[in-house]
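**Student:** First the structure, which I've put down as structure tokens, then a few questions once you've had a look.
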Amino acid sequence: MSQEIPAGAAERVQASLAESARLKAAVAEALAAPIARAAHWIAECYRAGHKTLLFGNGGSASDALHLAAEWTGRFGGERPALPAIALPANASETTAIANDYGFERVFARGIEAHGRPGDVALAFSTSGNSPNLLRAAEAVRAGGLRSIAFLGKGGGALRDCVDLALVVPSAETARIQECHIAMGHCIAELVDRWLFPEAAQT
């Protein structure tokens with residue numbers, strides 16, 4: 001096997017990382033206040049004894065699972081577990097709903113089952129146009145939950161269906177998802193700082 005790195009590979013890595021850094025700087029400039037607002041809503045949700053429900057498709061499903069794990073596990077220091085349900089995590093539930101009701105209902109049905117007034121729903125989507133996310137937004141509104149969407153590519157139709165849209169100013173899926181994780185980490189850090197200040201400092 002050749003040990004030679006193909007020509008231009010290192011430069012491509014540098015360009016990708018530079019663009020990711022540039023985009024994160026743009027997000028910091030444009031979305032710092034809305035991200036902080038999202039964190040405040042979630043902290044108040046947890047303070048009142050409610051939970052978060054997170055969902056998305058494909059790589060965005062992974063982002064939903066990732067952020068949910070920051071709350072049910074821990075983000076930084078030791079602190080009590082926080083209730084977060086990643087709807088795509090249960091393959092039996094997801095496939096049963098898709099089989100019986102159609103894929104467009106997989107998250108709406110999960111919201112109907114698990115969501116309660118006072119909970120916060122977090123949707124992850126690079127396009128904002130997935131039918132199952134739009135149906136979920138309808139269920140969120142009908143159920144009296146608050147909604148936050150992590151979006152890109154202008155926000156799509158979902159932008160106007162949620163209480164707070166965090167739209168990454170990019171059309172490139174990979175870069176958008178990188179920003180979504182960074183934004184989620186900022187939110188998790190603020191939630192910890194506000195709810196568990198001693199743990200956040202360890």
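The values are calculated or read from the model by the stated rules, or taken from the named source; none is laboratory data. The shown structure was predicted, so the numbers you read here are calculated from the model rather than taken from an experiment. Here Cβ is always computed from backbone atoms with ideal geometry, including for glycine, and neighbour counts include all displayed protein chains. SASA here: full protein model, heavy atoms, side chains in, ligands and nucleic acids out. Shrake-Rupley method; radii C 1.70, N 1.55, O 1.52, S 1.80 Å.
**Student:** Among what's in the range 73-126 and is of a type in the set (D, E, K, R), open to solvent by 60 Å² or more (accessible area, probe 1.4 Å) and within 21 Å of residue 49 (Cα to Cα), pick the residue that is farthest from the chain's Cα centre (by Cα).
**Tutor:** 78
**Student:** Additional query: Do the conditions hold for residue 181, that is, is it part of a helix (DSSP H, G or I) and surrounded by fewer than 21 Cβ atoms within 10 Å (Cβ to Cβ)?
**Tutor:** The answer is yes for residue 181.
**Student:** May I pose another question? If the Cβ limit is 6 Å and pairs must be 6+ apart or interchain, which residue in the range 144-170 that is of a type in the set (Val, Ile, Thr) pairs with which residue that is in a strand (DSSP E or B) and buried (at least 21 other Cβ atoms within 10 Å of the Cβ)?
**Tutor:** Sorted first by the residue in the range 144-170, then by its partner, the pairs are 148/122; 162/147; 162/149; 167/151.
**Student:** Residues that are within 21 Å of residue 146 (Cβ to Cβ), at least 3 per element: which helices (runs of 4 or more DSSP H) completely within the range 45-119 meet that?
**Tutor:** Correct list: 59-72, 106-114.
**Student:** When you go through 161, 186 one by one, which is the residue that is touching a helix residue (DSSP H, G or I) at 6+ places or on another chain (Cβ under 9 Å), within 30 Å of residue 98 (Cα to Cα) and not polar (S, T, N, Q)?
**Tutor:** One residue alone meets the criteria, 161.
**Student:** Out of (1) open to solvent by less than 20 Å² (accessible area, probe 1.4 Å); (2) in a helix (DSSP H, G or I); (3) under 30 Å from residue 143 (Cβ atoms), what's the single condition that is false for residue 23?
**Tutor:** (3)
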